[in-house]
Structure formats: C-alpha cells, structure tokens
Amino acid sequence: MNKVLSIILGGGAGTRLYPLTKMRAKPAVPLAGKHRLIDIPISNCINSNILKIYVLTQYNSASLNQHIARSYGFSGFQQGFVEVLAAQQTPDNDNWFQGTADAVRQYMWMFKDLDVDEYLILSGDHLYRMDYQNFIRHHRETGADITLSVLPIDEKRASSFGLMKIDDNGRIIDFSEKPKGDALKEMQVDTTTLGLSQEEAASKPYIASMGIYVFKRNVLIDLLNKHPDHTDFGKEILPQAMQQQNVQAFLFNDYWEDIGTIESFFEANLALAKQPNPPFSFYNSSAPIYTRARYLPPTKQLKCTVTESMISEGCVLKECEIVNSVIGIRSRIESGCSIKDSLIMGADYYQSNFERESSCDATAVPLGIGENSIIEKAIVDKNAHIGCNVKIVNKDRVEEADKESEGFYIRSGIVVILKDATIPDNTII
C-alpha cells in the first residue's frame, strides 16, 4: 500500500450541518464525545497501511489544522504523513475550489511528484469502517482504470443517491444522479453479480455510489487535464470516464452513513450508545479509530443514573440522570439535571476550580450545565454555559428556527445550542 496516496475531500461550507460548521470545517465537527469526523477516514487509511494522506479543505480550516497537527505525527522511521492542503490563490489560478474534482486538480502538481500508482479519493463526512486494502486489491485484480465503492440499497433510500448500473463483469455502464419515478426503476440491477444472496438482492436492487474512488495515477491526471471545465467527480468526471474507461464497482455491504445533515449527524451519534449491537462500534481492537491523545483524568459520577449512554473522560457528573445520550470530554453536569436523547459535546478547556461545589448564585453562568436543568433531543456544542433551571425541550415543537442572537438554532426539531453560547438561568426553549 506504499504506492497509494489518499486524498480526503474536506467538503464545502457544510451548510447542511450549520450551525455546527459556523466556526469549524465539516471534517472537524466533534463525533462520539471525543473524536472528529476526519478521524474516520484517516483511521481507515492507517488501519489499511496507507500512510500518505492529504486532506483538502477551504472553509474554517483552523480547528481542522490544529486537530490533525496534534493527532497524527508519524515516526521519522515511517514514510508517512497526514497534512492539510487549504485552497489558495496563485499567480496561475485565483479561484477557490470549485468542486471535488477541481480541488484535486489544483493540487495535482504536488500529487504528481509522489511515487504512487493509485490515488484513493475519500470523503471527510462519512461514518464507516473499511479496509481499503481489499478495495485496492479488487481494483488491481480487475485491471480497472477507476473503481468506485458501492453500497446496495433498497428503493426507499435509492432516490437520495447517485445510482449505477453494471454489466455481468461488474463494470459500471450507466450512472444517474438521484433519479425518481420511472428513471429510478430503470436503475435496478441484479446485485447478486456483486456477491449478494438472492434474498438480499431482491430487497436491495440498487447500487449507490459512496463517494469513494480509486484511480490509476495516469488516468486521473489525464481526465483532469482533458476536461478542465469539469469540477465535480460524481456529476461530471465519472460519467464521462464510464464511456471510455474500465470503471469497476466494488461492493461494500456494511454500515455506512453520510452524516452531512444535523438530523443524520444527531441520529448517528445517539446510535453509538445503543446496546448490545450498535450499528457502528468504536470497540474494535483490530481497527481502532484514532484521535488526539489528551491525557484527561477519569470521569467522576456522583450518584448518577446512566442508561444506554457514552460518557467521555475528564467529566464531573453530579446526581443527574442521563438516558440515551453522548457526553463529550470535560463536561460538567450539576445535580438535579436530566439529559435525554441528547449530544453534549463538552468543552475544550477546564474552568478554574472545576471540582467546585454547585452554585446557582454566581454572577456569571459557569461552563457546563447548571443545577436542575432539563435537556431533551438537543445538541449542545462545545464550551456552552447552560444556567440553572434551564429547559431545552423544544416546548413548541418547532421544526426549524434561527435564533442565533439567543444562542440556538432548531433543525429538524433538534435544538442546537451554539458553541460558546450562554443560556441564562430559568430559560425555556
């Protein structure tokens, strides 16, 4: 795998994940209490022995740069690196990244200098565990110019994806972006060709692109040079390549979630706390998910009731109830609190006297969640100051609301408390 270069696309402005992307790039959004979204593809690469990794980004990249610099430092004896490449203006090009393919094109002058045979193109906002060695091996064994990782799906979900048709040899011969009606029906395929059983193939007669590609070195260079006006892989580069190149499909029949919206991000996080078999597990010793080593103290739980939840390290929890929730690092939750179906992202730092006695008489609302507060179906971003007797329950059952001046948004009925926001005592949302 030392002949493979991984290029992770950091995504655009992340508007569907706003306000979580208000101050950070989409791949830097916290995940599972202590990780970031970018840790997923980087960890998959490391576990697959692919150690040459670039991350392309252009929006709010400061926190992403910081996270990668602090998390992924290879030994001088290893020929590996993880580096961020941000969009930049040059004398030859004064444009920012115009799309996924354009982002790769603008840095191809650097990628060409590396001694590699294949370029592995990944997305920075998906949750899954994959051994890319099998993917690369399939690409080489089939003699493909390009290979796409595909997911078998049912009709209910199919219209939300780019769908493909394949021949009996697994070669992709047609592509349709989010088809509906009769156009959707026409994209049905026999997925037993990719290895599914007859029963599973009947329930999943469509194959969707996962946004994961491997290109032969010269094929990618030629495609980007010949079509300088094509800025997107899925919509332009790949449909054009299918007409002339050997484009193969590689089946990935496991958990994969595009967590590009607030709702999908929220549900994917809470699903991690399910027992006994969550759809995705961080407890896989053979393929761990790496992140920054913080050396935090153990979490203290003082007379708490915790049910089906994940509690990160470095927290102080006092006489509270936590149900079906994910609690991030350095969280402080005072006595009498109830946290249900929520994602508490924690904090980037400790306030002085973090182990202090609880108090609702302070002149300023301290970091954390104050006494007797109730939080249900909410995301509380990092460094939030939640006062005493606060109720974050979406009392009016609002689906969408922009209340930035008050420190919160509502997306798909989920209340999102902004990073660094202060919610005063006795507030009801």
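The values are calculated or read from the model by the stated rules, or taken from the named source; none is laboratory data. Quick caveat, the model's predicted, so the values are computed rather than measured. We place every Cβ from the backbone using ideal geometry, glycine too, and count neighbours over all the protein chains shown.
Could you figure out which of (1) more than 20 Å from the chain's Cα centre (by Cα); (2) basic (Lys, Arg); (3) surrounded by fewer than 23 Cβ atoms within 10 Å (Cβ to Cβ) isn't true of residue 105?
(3)
Determine if segment 300-316 includes at least one residue that is closer than 14 Å to residue 375 by Cα, of a type outside the set (Ser, Thr, Tyr) and buried (at least 22 other Cβ atoms within 10 Å of the Cβ).
no
In this structure, does residue 183 turn out to be of a type outside the set (D, E, K, R), assigned by TED's automatic domain parsing to the domain that holds residue 46 and not in a loop (DSSP other than H, G, I, E, B)?
yes
Can you go through 38, 68 and tell me which one is at pLDDT 90 or above, of a type in the set (A, V, I, L, M), assigned by TED's automatic domain parsing to the domain that holds residue 126 and in contact with a helix residue (DSSP H, G or I) (Cβ under 6 Å, 6 or more places away or on another chain)?
When all the criteria are applied, what remains is 38.
Tell me, yes or no, whether segment 205-220 has at least one residue that is in the same structural domain as residue 113 (by TED's automatic domain parsing) and in a loop (DSSP other than H, G, I, E, B).
Yes.
Looking at 210, 187 in this structure, which one is buried (at least 18 other Cβ atoms within 10 Å of the Cβ) and closer than 30 Å to residue 108 by Cα?
Criteria check complete, one pass: 210.
Limited to segment 353-403, what total is found for residues that are over 18 Å from residue 327 (Cα atoms) and polar (S, T, N, Q)?
Residues flagged as over 18 Å from residue 327 (Cα atoms) and polar (S, T, N, Q) within segment 353-403 amount to 6.
Just one of the numbered conditions (1) at pLDDT 85 or above; (2) on the phi < 0 side of the Ramachandran plot is not true of residue 94; which one?
In the conditions (1) at pLDDT 85 or above; (2) on the phi < 0 side of the Ramachandran plot, residue 94 misses (1) alone.
Would you say residue 231 is of a type in the set (Ser, Thr, Tyr), in a helix (DSSP H, G or I) and surrounded by 13 or more Cβ atoms within 10 Å (Cβ to Cβ)?
no
Quick check on this structure: which one of 259, 237, 212, 221 is over 25 Å from residue 140 (Cα atoms) and among the hydrophobic types (A, V, I, L, M, F, W, C)?
Sole residue among the options that is over 25 Å from residue 140 (Cα atoms) and among the hydrophobic types (A, V, I, L, M, F, W, C): 259.
Name, by its number, the condition in (1) over 30 Å from residue 227 (Cβ atoms); (2) at pLDDT below 95; (3) surrounded by 17 or more Cβ atoms within 10 Å (Cβ to Cβ) that does not hold for residue 279.
Failed condition: (3).
Tell me yes or no: at least one residue of segment 52-68 is within 19 Å of the chain's Cα centre (by Cα), touching a residue at least 12 places away in the same chain (Cβ under 8 Å) and on the phi > 0 side of the Ramachandran plot.
Yes.
Right, residue 144: crowded, with 21+ Cβ neighbours inside 10 Å, of a type in the set (A, V, I, L, M) and closer than 26 Å to residue 1 by Cβ or not?
yes
Do we find a residue being assigned to a strand (DSSP E or B) and among the charged types (D, E, K, R) anywhere in segment 391-402?
Yes.
Among the numbered criteria (1) at pLDDT below 95; (2) in contact with a Ser or Thr (Cβ under 9 Å, 6 or more places away or on another chain); (3) part of a loop (DSSP other than H, G, I, E, B); (4) not basic (Lys, Arg), which one does residue 130 miss?
Of (1) at pLDDT below 95; (2) in contact with a Ser or Thr (Cβ under 9 Å, 6 or more places away or on another chain); (3) part of a loop (DSSP other than H, G, I, E, B); (4) not basic (Lys, Arg), only one is false for residue 130: (1).
Going through segment 378-390 one residue at a time, which ones are touching a residue at least 40 places away in the same chain (Cβ under 8 Å) and not in a strand (DSSP E or B)?
Listed by number, the residues that qualify are 381, 382, 387, 388.
Can you give me the number of residues within segment 342-366 that are in contact (Cβ under 8 Å) with a residue 60 or more places away in the chain and surrounded by fewer than 18 Cβ atoms within 10 Å (Cβ to Cβ)?
Counting residues in segment 342-366 that are in contact (Cβ under 8 Å) with a residue 60 or more places away in the chain and surrounded by fewer than 18 Cβ atoms within 10 Å (Cβ to Cβ) gives 1.
For residue 69, state whether it is buried (at least 17 other Cβ atoms within 10 Å of the Cβ) and assigned to a helix (DSSP H, G or I).
No; evaluated as a whole, the condition is false for this residue.
Of all residues in segment 75-86, count the ones that are modelled with pLDDT of 80 or more and not acidic (Asp, Glu).
Summing the residues that are modelled with pLDDT of 80 or more and not acidic (Asp, Glu) in segment 75-86 gives 5.
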